[in-house]
1. Once you keep just the Cα pairs under 8 angstrom separated by 6 or more residues, what percentage relative contact order results for the chain?
2. Which of these values of Cα Rg over 2.2 N^0.38 Å was calculated from the structure shown: (1) 1.05; (2) 0.93; (3) 0.98?
3. GNM on the chain, C-alpha springs below 10 Å: top fluctuator among 73, 89, 63?
4. Tell me what the chain gives for mean residue ellipticity at 222 nm when only DSSP H runs of n ≥ 4 count, each as -39,500 (n - 2.57), the sum divided by the residue total, rounded to 500 deg cm²/dmol.
5. Give the order of 50, 67 when sorted by the count of other beta carbons within 10 angstrom, beginning with the fewest.
6. With each label point set 7 Å from Cα along the Cα-Cβ vector, what nm distance links residue 94 and residue 152?
7. Run the numbers for residue 75 and residue 128: contour at 0.36 nm per residue of separation, minus the present Cα-Cα distance, in nm.
8. At a Förster distance of 30 Å, what's the computed FRET efficiency of residue 161 paired with residue 85, Cβ-Cβ distance as r, to 0.05?
């Protein structure tokens, strides 16, 4: 980047969201998948993904953050993304979530992290939040030492494999 290039440090949320959508679309496309971004947008998903030869299409809802980190001494470090309680009505085997941690990309050395999570896991987590009267945040343990929501099983290729299997089901 040249010295004269001004980098915007405060980026509006809707642009951060669009950045995550395009990043995930590029990631999946590079793996040989066909990715479509609906022209008018939909409230239920951001990307439509299929194999080049057709078959079952998967809907992907992308949630993006630049620093989705949190936790306490009791929980340890966690990732978290604000998520609406409307996900409770979207428990669908063809719906997946891509949670993106942009970090400081492209201004720093880190590259975005992508977590591919089936909707049933997101529904369960948000349902638990509502039962506990907590804000509706989808969260995952960073250390992967806990039950259903350890981050490592959803990160990158590990999370992508179950998504690909769902396309074959």
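1. Relative contact order for the chain comes out at 19 percent.
2. So the structure-derived entry is (1).
3. Of the options given, 73 has the highest mean-square fluctuation.
4. Values: 3 runs with 44 residues, N = 169.
Value at 222 nm, helices only: -8500 deg cm²/dmol.
5. Fewest-to-most Cβ neighbours within 10 Å comes out as 67, 50.
6. Distance between the two pseudo-spin positions: 3.5 nm.
7. 17.6 nm
8. Calculated transfer efficiency: 0.55.
Read-outs throughout are calculated quantities, based only on the coordinates presented, and are distinct from any laboratory measurement. All values reported here derive from a predicted model rather than from experimental measurement. Counting neighbours? That spans all protein chains shown, and the Cβs are built from the backbone with ideal geometry, glycine included.
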